[in-house]
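Down below is the structure, laid out as structure tokens.
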Amino acid sequence: MNRYPLLIMLFFLALSWPLSLILPTEQINLAPIKVVGYTLFIIGIPLLLSAAGLFKKIGTTIDPTKAPDQLVTTGIYNLSRNPMYLGMLLILTGAQLALSSLIGMIFPIIFFFIMNKIVIPREEQMVAGAFGREYDDYKMQTRRWI
């Protein structure tokens with residue numbers, strides 16, 4: 001599970017539309033909510049891509065199972081220690097709102113729980129082992145999500 005956050009997000013996205021059709025419990029069909037959904041979705045994509053691109057530009061791995069070669073603290077990483085996961089969460093949340101799927105809101109909640117309680121703590125241990133005090137200082141200055 002720690003290795004595949006992007007696949008988890010894509011899996012949840014793939015389930016979103018069919019679930020909203022199979023279990024059309026309470027549908028929210030308010031245009032402003034859909035606009036917020038599309039907006040979050042659209043914001044999430046460049047956030048995810050720019051955060052991953054910064055890793056590539058600096059020359060460190062984006063594989064969450066490998067210790068990074070360099071600690072990335074610039075750009076969007078000044079605001080969030082996990083902008084890739086934040087982008088994924090925005091994409092998932094936006095998709096559910098755009099689909100007007102109340103039942104689908106379970107996916108961003110589950111994704112957040114998995115990332116926050118399982119994936120990120122494991123990554124933080126690995127990064128702390130690689131960068132020690134430098135990472136501790138970064139953690140004190142920058143929030144996990146936003």
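The values are calculated or read from the model by the stated rules, or taken from the named source; none is laboratory data. Just so it is clear, the model here is predicted, and its values are computed rather than measured. Cβ sites come from the backbone with ideal geometry, for glycine too, and all protein chains shown count toward neighbours. Surface areas here come from the heavy atoms of the whole protein model, side chains and all, with no ligands, DNA or RNA. Shrake-Rupley method; radii C 1.70, N 1.55, O 1.52, S 1.80 Å.
Things worth noting here:
- Set Tyr85, Tyr77: member being under 15 Å from the mean Cα position of the chain (by Cα) and over 22 Å from Phe12 (Cβ atoms): Tyr77
- Count of region 12-44 residues, restricted to those that are at pLDDT 90 or above and more than 19 Å from the chain's Cα centre (by Cα), is 1.
- From the list Met140, Met126, Met105, the one residue that fits, being of a type in the set (A, V, I, L, M, F, W, C), open to solvent by 10 Å² or more (accessible area, probe 1.4 Å) and closer than 20 Å to Ala52 by Cβ, is Met126.
- Scanning region 41-57 finds no residues that are in contact (Cβ under 8 Å) with a residue 12 or more places away in the chain, open to solvent by 60 Å² or more (accessible area, probe 1.4 Å) and closer than 22 Å to Ile118 by Cβ.
- Remark: pairs (first residue in region 119-146, on the phi < 0 side of the Ramachandran plot; second residue acidic (Asp, Glu); Cβ separation under 9 Å; 6+ apart in sequence or on different chains) = Ala128/Asp136; Ala130/Asp69; Tyr135/Glu124; Lys139/Glu124; Arg144/Glu124.
- When restricted to residues that are charged (D, E, K, R) and closer than 17 Å to Ile62 by Cα, region 94-143 contains 3.
- All of Ile120, Ile91, Ile110 fail the test of being surrounded by fewer than 19 Cβ atoms within 10 Å (Cβ to Cβ) and assigned to a helix (DSSP H, G or I), apart from Ile110.
- Selection status of Phe111, among the aromatic types (Phe, Trp, Tyr) and either in contact with a strand residue (DSSP E or B) (Cβ under 8 Å, 6 or more places away or on another chain) or closer than 17 Å to Ile8 by Cα (or both): yes
- Index of the failed condition, Leu86 passing every other in (1) open to solvent by less than 30 Å² (accessible area, probe 1.4 Å); (2) in contact with a Pro (Cβ under 9 Å, 6 or more places away or on another chain): (2)
- Subset of region 58-83 [open to solvent by less than 30 Å² (accessible area, probe 1.4 Å), of a type outside the set (Ser, Thr, Tyr), in a loop (DSSP other than H, G, I, E, B) and closer than 25 Å to Ile110 by Cβ]: Pro64, Asn82
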